[in-house]
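To keep things clear, I will list the structure first and then write my remarks on it.
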Amino acid sequence: MGNADASPLGKDKYTKLMNEVTKYKGWGYTWAGDSPIRGFDCSGLTQYNYKRIGFNLPRTAAEQYNTSI
């Protein structure tokens, strides 16, 4: 599951994030999906799970990328 000690999120938030994300391993792709009810696309999965650890990300992958640079 990666190295929690090396994450800039810190060990607790990293562990919580990875525990949440892995709940959805194997789920099918849902275009524009952003919740467990609707399903997920890549950026929806990222946005949903980061919000669960206290980070508000934009919705689309392009917007998420732009906030990271």
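Are there any pairs, at least 6 apart or on different chains, whose C-beta atoms fall under 7 Å, with the first in the stretch 2-15 and in contact (Cβ under 8 Å) with a residue 40 or more places away in the chain and the second part of a loop (DSSP other than H, G, I, E, B) and surrounded by 15 or more Cβ atoms within 10 Å (Cβ to Cβ), and if so, which?
What qualifies is Lys13/Ile53.
On the given criteria, is Leu17 at pLDDT 95 or above and surrounded by 10 or more Cβ atoms within 10 Å (Cβ to Cβ)?
Yes, satisfied.
Residue by residue, here is whether (1) within 20 Å of Thr60 (Cβ to Cβ); (2) of a type in the set (A, V, I, L, M, F, W, C); (3) crowded, with 17+ Cβ neighbours inside 10 Å holds:
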| position | (1), (2), (3) |
| --- | --- |
| Ala4 | no, yes, no |
| Lys11 | no, no, no |
| Lys23 | no, no, no |
| Trp27 | yes, yes, no |
| Gly33 | yes, no, yes |
| Pro36 | yes, no, no |
| Asp41 | yes, no, yes |
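Out of all the residues in the stretch 49-63, is one or more assigned to a helix (DSSP H, G or I) and either at positive phi or touching a strand residue (DSSP E or B) at 6+ places or on another chain (Cβ under 6 Å) (or both)?
No, because not a single residue in the stretch 49-63 is assigned to a helix (DSSP H, G or I) and either at positive phi or touching a strand residue (DSSP E or B) at 6+ places or on another chain (Cβ under 6 Å) (or both).
The conditions are (1) part of a helix (DSSP H, G or I); (2) at pLDDT 95 or above, and Asp5 fails exactly one of them. Which is it?
(2)
Within the stretch 8-43, can you find the residues that are part of a loop (DSSP other than H, G, I, E, B), among the hydroxyl-bearing types (Ser, Thr, Tyr) and under 17 Å from Ile53 (Cα atoms)?
Tyr24
Look at the stretch 56-69 and say how many of its residues are surrounded by 14 or more Cβ atoms within 10 Å (Cβ to Cβ) and modelled with pLDDT under 95.
Total meeting the criteria: 0.
The values are calculated or read from the model by the stated rules, or taken from the named source; none is laboratory data. Computed from a predicted structure; not experimentally measured. Reconstructed Cβ throughout: ideal geometry from the backbone, glycine too, with neighbour counts over all protein chains shown.
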